[in-house]
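Visitor: The structure that follows is given in the form of structure tokens.
Throughout, read-outs are computed from the coordinates displayed, never taken from laboratory work. All values derive from a computational prediction rather than experimental measurement. In this analysis, Cβ positions are derived from the backbone assuming ideal geometry, glycine residues included, and neighbour counts consider all displayed protein chains.
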């Protein structure tokens, strides 16, 4: 986290948290609630980077953005991370530019979304990068892009080659993802907790 955030937390330690005002969508975009109650994309690049640098989870699996002394809990449209190919299409990075050190497994949900588990946590692969990742996996295996996907969906052992790693691929139901990976998609205040 940024030094200014730590200083703010020390100076004002008991600022109530905020819920329901910040979202992370399936494309890795931060969305903020407007006065009219709609969510709009955070368009300012510096603000996006600030949110990304100060993004973390609490011990209950609730993801938040630490905005100085105030914790702003994030509603997740799917997973706490969104992975994408880097600009050279040679590695995977997270929506906030964090670089995973290792991928552990991959999962395919019933809608065809590819989820990746890394040392950072579970994240959905950006939909526009799915064809390139599958094509790269097929080249690495010397077969067509559908074979590991078909095997996983039929319950057979499968592996998928990702940039820099080959991992097991298994099916997963989207409704099971949050429980399996221990995160809270829609954080809410605890009973009696003050909020803004």
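Visitor: Based on Cα coordinates alone, diagonalise the gyration tensor for the stretch 68-110, multiply each eigenvalue by 5, take square roots, and list the semi-axes in whole Å, largest first.
Guide: Working from the Cα gyration tensor, I get semi-axes of 23, 16, 10 Å.
Visitor: As an exercise, use a Förster radius of 30 Å and the Cβ-Cβ distance of residue 40 and residue 86 to find the FRET efficiency, rounded to the nearest 0.05.
Guide: 0.65
Visitor: Would you mind computing Rg(Cα) / (2.2 N^0.38 Å) for the chain, counting N as its residues?
Guide: 1.11
Visitor: While we're looking at this one, here's another question. For the pair residue 93 and residue 186, how long in nm is the line joining their label points, each one 7 Å along Cα→Cβ?
Guide: Distance between the two pseudo-spin positions: 3.3 nm.
Visitor: Run through the DSSP bridge list for the chain and note the antiparallel percent, rounded to the nearest 5.
Guide: 70
Visitor: How would you order 121-131, 92-102 from highest to lowest mean count of nearby Cβ atoms within 10 Å?
Guide: Averaged packing, sorted descending, gives the order 121-131, 92-102.
Visitor: With all distinct Cα pairs included, what does the Kirkwood hydrodynamic radius of the stretch 81-177 come out to in Å, to one decimal, could you say?
Guide: Every distinct Cα pair counted, the radius reaches 13.2 Å.
Visitor: For the pair residue 49 and residue 101, what calculated FRET efficiency results from E = 1/(1 + (r/R0)^6), where r is the Cβ-Cβ distance and R0 = 25 Å, to the nearest 0.05?
Guide: In this case the efficiency is close to 0.75.
Visitor: To continue, here is another question. Counting alpha carbon pairs within less than 8 Å and at least 6 residues apart, what relative contact order, in whole percent, applies to the chain?
Guide: It rounds to 22 percent for the chain.
Visitor: While we're looking at this one, here's another question. Subtracting the Cα-Cα distance from 0.36 nm times the residue separation, let me have the gained length for residue 173 to residue 77 in nm, one decimal.
Guide: Fully extending the segment from residue 173 to residue 77 adds 33.0 nm.
Visitor: Calculate for the chain the 222 nm mean residue ellipticity that helices alone would give, adding -39,500 (n - 2.57) per DSSP H run of length 4 or more and normalising by residue count, nearest 500 deg cm²/dmol.
Guide: -6000 deg cm²/dmol
Visitor: From the P(r) of the stretch 3-78, could you give the percentage of C-alpha pairs in the tail past 15 Å?
Guide: When all Cα pairs of the stretch 3-78 are counted, 56 percent exceed 15 Å.
Visitor: If packing is taken as the mean number of other Cβ atoms within 10 Å per residue, what is the order of 55-61, 167-173, 36-42, highest first?
Guide: 167-173, 55-61, 36-42
Visitor: Moving to a separate point now. Using 1/(1 + (r/R0)^6) with R0 = 22 angstrom and r between the beta carbons of residue 153 and residue 27, what's the FRET efficiency to the nearest 0.05?
Guide: That gives a FRET efficiency of 0.35.
Visitor: Let me ask something else about it. What is the antiparallel percent of DSSP beta bridges lying wholly in the stretch 3-78, to the nearest 5?
Guide: Around 75 percent of the beta bridges assigned by DSSP in the stretch 3-78 are antiparallel ones.
Visitor: Percent relative contact order of the stretch 50-94, based on C-alpha pairs within less than 8 angstrom and at least six residues apart?
Guide: Across the stretch 50-94, relative contact order equals 21 percent.
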